[in-house]
Structure formats: structure tokens, C-alpha cells
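To keep things clear, I will list the structure first and then write my remarks on it.
The values are calculated or read from the model by the stated rules, or taken from the named source; none is laboratory data. Keep in mind the model is a prediction, meaning the values are calculated, not measured. Cβ placement follows ideal geometry from the backbone for every residue including glycine, while neighbour counts extend to all protein chains displayed.
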Amino acid sequence: MKTFKQLIEDVLPQVNEIFPWDLEEQLEQNSDTLLVDITEANEYATVHMKNAINVPRGILEASCDWNYEDTVPELAGGRDRKIVVICRSGNRSALAAHTMQLMGFTNVSSLKTGLRGWFDYELPLYDKHENEVEEELIEAYFARKPREDQLEPKG
């Protein structure tokens, strides 16, 4: 049995990661980069990067392939396109990027440090109406912690 953290550690050596400052530069130079935010719809509605498409992790594989109700044509047809996968912290995106590589995506990266790192680098995040989110609301979003019942039992 492996933990979530161990699964991430297993795939990281096989995944290209990109730091927020490098992604910022890449976006300035290449507007063709596809940003794929794999957070859940409610997370995406709260904060996301401008021009990112939302493909929740739970439907990623079907969204990346043809002939499914969840197919995202821009994604399914972009196996050689430069793609950066984004999540809150860079963990889910690493797993997703690895999965996409297994599916034949040749130029996929994971945003190291995720949206948190993007924000810490003082780059803007947007809400579901594409309005820039205020710093206090973003801080509250990133300050969430597991509830008591979500913590591993002691002893």
C-alpha cells in the first residue's frame, strides 16, 4: 500500500516540472501553451489562472481522449502541444502530468508549487467571473487545513 505522498514521489522523477516564474516567462513568449487546471469545479471557481481550462482530475483521462462525453477537443487533439497542468499545490498536477504522458502527451509539464506558488510569486488569480481575486480571499483559500476527523488516528 502506498500513501498519496508516496505516489507523488514515485512519479516526480518522470515528470517535467516548471516553476511559476518560468511559466510566466513561457506565457509571455508563447501564447499557444495550454493551461489545464485539474482542480475540482468549486476550487476553480474560487481561484484559477487566467486562460486556464478546467478539467477536474476525476475526468482527466476521458477529457484527454476522443469519443467520450467528457472529451475536451482542444486537449484530446493536443498530444504534441505544450501543456502545463495546474493544481493547488503541484501534487495532483504531477500525477496528472504523469498520466497524460502514459496517454501519449509528449510536451506536458506540472506547475511546481501549483497555484499557491503562483500566488506567492505575486501573480494574479481569478474567480469564476474572471475577476481578479483579492489577496485576503486567496489567503483564506490556501489556509484551509484538514478537519480533526480527517487526521490519521493516533496510537
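Just a few scattered comments:
- Among the numbered conditions (1) in a loop (DSSP other than H, G, I, E, B); (2) closer than 20 Å to Y121 by Cβ, the only one that Y68 does not meet is (2).
- Enumeration of residues in segment 121-155 that are without any contact (Cβ under 8 Å) to a residue 24 or more places away in the chain and touching a Pro at 6+ places or on another chain (Cβ under 8 Å): E132
- Candidate set from segment 110-139 (those that are in contact with a helix residue (DSSP H, G or I) (Cβ under 7 Å, 6 or more places away or on another chain) and in a loop (DSSP other than H, G, I, E, B)); member that is nearest to I83 (Cα to Cα): T113
- Listed conditions (1) closer than 19 Å to P20 by Cβ; (2) touching a Phe, Trp or Tyr at 6+ places or on another chain (Cβ under 9 Å) are all met by A62, apart from (1).
- Meets criteria (aliphatic (A, V, I, L, M), under 23 Å from K145 (Cβ atoms), assigned to a helix (DSSP H, G or I) and out of contact with any Asp or Glu (no Cβ under 9 Å at 6 or more places or on another chain)) for L7: yes
- Scanning segment 72-97 for residues that are more than 20 Å from Q26 (Cβ to Cβ) and not in a loop (DSSP other than H, G, I, E, B) returns P73, A76, N91, R92, L95.
- Enumeration of residues in segment 21-65 that are over 17 Å from G90 (Cα atoms), hydroxyl-bearing (S, T, Y), at pLDDT 95 or above and in a loop (DSSP other than H, G, I, E, B): T33
- Test for V55: is it buried (at least 16 other Cβ atoms within 10 Å of the Cβ), under 27 Å from D10 (Cα atoms), of a type in the set (A, V, I, L, M) and more than 10 Å from the chain's Cα centre (by Cα): no
- Pick from segment 91-108, criterion more than 15 Å from V55 (Cα to Cα) and not aromatic (F, W, Y), ranking: surrounded by the most Cβ atoms within 10 Å (Cβ to Cβ): H98
- Matching residues, segment 87-120, being polar (S, T, N, Q) and without any contact (Cβ under 8 Å) to a residue 60 or more places away in the chain: S89, S93, T99, T106, N107
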